[in-house]
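**Student:** Okay, here's the structure, questions in a sec.
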Amino acid sequence: EDKKFIAASTYKVGLNFYAYYLNSIGKLDLDQYIEYLPEDYEEGTGILQYEYFDSLDLQTLLDYSIIYSDNIATNMVTGYLGGMSNMLYTAGEILDENICVSDNIITPNQMFSALKFIYQHKDEEYYSHLIDIMTKTVFNDRLDKELPSEIVAHKIGSYGMYIHDAGIVLLKDNPYIIVIYTYGLENPNDIISDISNIIYTICQRHYNKDRICVYSISRRIL
């Protein structure tokens, strides 16, 4: 759980968590419009690269960063909030985690801490919204490939041989957090899906009403 990985687009979970934290303490207005700057452009995932616009509100940008993993939306919000290093440093302080601030590096345990914080604040309006938006992502070929997508609030990440997925599975009686970060695997999507399906089956069978089911799996596949 303490191995370092390139976070790829799982970074966007932390970005949303941080924005909603600032909003909760009155330091951010999610209705604020942000200007689209030339340096915000990035190809890859997302829909904004195909659209013409001058500005968008923060709430829409945050939603796009999760639903479509939109890189332009992410860059716009990141820049508005003071840059990646500033965001990661403050997020680390909130979570009491020593998060790398010089690059987009994370450990599975640090992502677990962020998801746990989000789940523990699920009764608050904007964290509830974030969980809901995470169930609506258009990427459904990993954690939720064999699961009902409406109960899997998750975010994938892909960068070269780094293939990840992390989320909260909202089983009615036995919700759990699952974080899977991989590097250099053959058929990583299928492996993530298989592990997810196993954990889902276990948590369906072993229900304890007083505890959240949490499993930590660390395996090096050769």
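**Student:** Inside the range 31-57, can you point out the residues that are in contact with an Asp or Glu (Cβ under 7 Å, 6 or more places away or on another chain) and either surrounded by 16 or more Cβ atoms within 10 Å (Cβ to Cβ) or modelled with pLDDT under 95 (or both)?
**Tutor:** Hits for the range 31-57 are Tyr36, Thr45, Gly46, Leu48.
**Student:** Restricting attention to the range 58-97, and to residues there that are closer than 23 Å to Ile178 by Cβ and not in a helix (DSSP H, G or I), which single residue is least open to solvent (accessible area, probe 1.4 Å)?
**Tutor:** In this case the residue turns out to be Ser69.
**Student:** Any idea how many residues of the range 144-159 are open to solvent by 10 Å² or more (accessible area, probe 1.4 Å) and without any contact (Cβ under 8 Å) to a residue 40 or more places away in the chain? Break it down into steps so the answer makes sense when it comes.
**Tutor:** Let us first name the residues in the range 144-159 that are open to solvent by 10 Å² or more (accessible area, probe 1.4 Å), namely 145-151, 156, 158-159.
Filter again for without any contact (Cβ under 8 Å) to a residue 40 or more places away in the chain, leaving 148-151.
Number of matching residues: 4.
**Student:** Which condition breaks for Val101 when tested against (1) of a type in the set (Val, Ile, Thr); (2) in contact (Cβ under 8 Å) with a residue 60 or more places away in the chain; (3) part of a loop (DSSP other than H, G, I, E, B)?
**Tutor:** All conditions are met except number (2).
**Student:** Could you check, for the range 115-126, whether at least one of its residues is farther than 27 Å from Asn187 by Cα, among the hydroxyl-bearing types (Ser, Thr, Tyr) and open to solvent by less than 50 Å² (accessible area, probe 1.4 Å)?
**Tutor:** Yes: the range 115-126 contains one or more residues that are farther than 27 Å from Asn187 by Cα, among the hydroxyl-bearing types (Ser, Thr, Tyr) and open to solvent by less than 50 Å² (accessible area, probe 1.4 Å).
**Student:** For the structure I just gave you, tell me whether Ile221 is farther than 23 Å from Tyr127 by Cβ, modelled with pLDDT under 95 and either open to solvent by 20 Å² or more (accessible area, probe 1.4 Å) or among the aliphatic types (A, V, I, L, M) (or both).
**Tutor:** Details: farther than 23 Å from Tyr127 by Cβ: yes; modelled with pLDDT under 95: yes; either open to solvent by 20 Å² or more (accessible area, probe 1.4 Å) or among the aliphatic types (A, V, I, L, M) (or both): yes.
Spelling it out, Ile221 is indeed farther than 23 Å from Tyr127 by Cβ, modelled with pLDDT under 95 and either open to solvent by 20 Å² or more (accessible area, probe 1.4 Å) or among the aliphatic types (A, V, I, L, M) (or both).
**Student:** Being buried (at least 18 other Cβ atoms within 10 Å of the Cβ) and of a type in the set (A, V, I, L, M) is the filter here; which residues of the range 98-114 pass it?
**Tutor:** Answer for the range 98-114, where residues must be buried (at least 18 other Cβ atoms within 10 Å of the Cβ) and of a type in the set (A, V, I, L, M): Ile99, Ile106, Met111, Ala114.
**Student:** Output the residues belonging to the range 36-70 that are touching a residue at least 40 places away in the same chain (Cβ under 8 Å) and not β-branched (Val, Ile, Thr).
**Tutor:** Quick first cut of the range 36-70, residues touching a residue at least 40 places away in the same chain (Cβ under 8 Å) only: 36-37, 39, 62-63, 65-69.
Once the filter is applied, which keeps residues that are touching a residue at least 40 places away in the same chain (Cβ under 8 Å) and not β-branched (Val, Ile, Thr), the range 36-70 yields Tyr36, Leu37, Glu39, Leu62, Asp63, Ser65, Tyr68, Ser69.
**Student:** Could we say that Asn197 is surrounded by fewer than 19 Cβ atoms within 10 Å (Cβ to Cβ), closer than 25 Å to Tyr64 by Cα, at pLDDT 95 or above and in contact with an Asp or Glu (Cβ under 7 Å, 6 or more places away or on another chain) here?
**Tutor:** Working: surrounded by fewer than 19 Cβ atoms within 10 Å (Cβ to Cβ): yes; closer than 25 Å to Tyr64 by Cα: no; at pLDDT 95 or above: yes; in contact with an Asp or Glu (Cβ under 7 Å, 6 or more places away or on another chain): yes.
It is false that Asn197 is surrounded by fewer than 19 Cβ atoms within 10 Å (Cβ to Cβ), closer than 25 Å to Tyr64 by Cα, at pLDDT 95 or above and in contact with an Asp or Glu (Cβ under 7 Å, 6 or more places away or on another chain).
**Student:** Cβ-Cβ below 7 Å, separation at least six or inter-chain, first residue in the range 14-32 and more than 20 Å from Asp132 (Cβ to Cβ), second buried (at least 16 other Cβ atoms within 10 Å of the Cβ): which pairs?
**Tutor:** Cβ pairs passing all conditions: Gln32/Leu58.
**Student:** Just to confirm my filter: which strands (runs of 3 or more DSSP E) fall fully inside the range 151-197 and include at least 1 residues that are over 25 Å from Gly44 (Cβ atoms)?
**Tutor:** On the way: elements: 152-159, 162-169, 176-183.
By residue number, 162-169, 176-183.
The values are calculated or read from the model by the stated rules, or taken from the named source; none is laboratory data. If you're wondering where the values come from, they're calculated on a predicted model, not measured in any experiment. Cβ atoms come from the backbone with ideal geometry, glycine included; neighbour counts cover every protein chain shown. Each accessible area value is taken on the protein alone, full model and side chains, heavy atoms only, with ligands, DNA and RNA left out. Shrake-Rupley method; radii C 1.70, N 1.55, O 1.52, S 1.80 Å.
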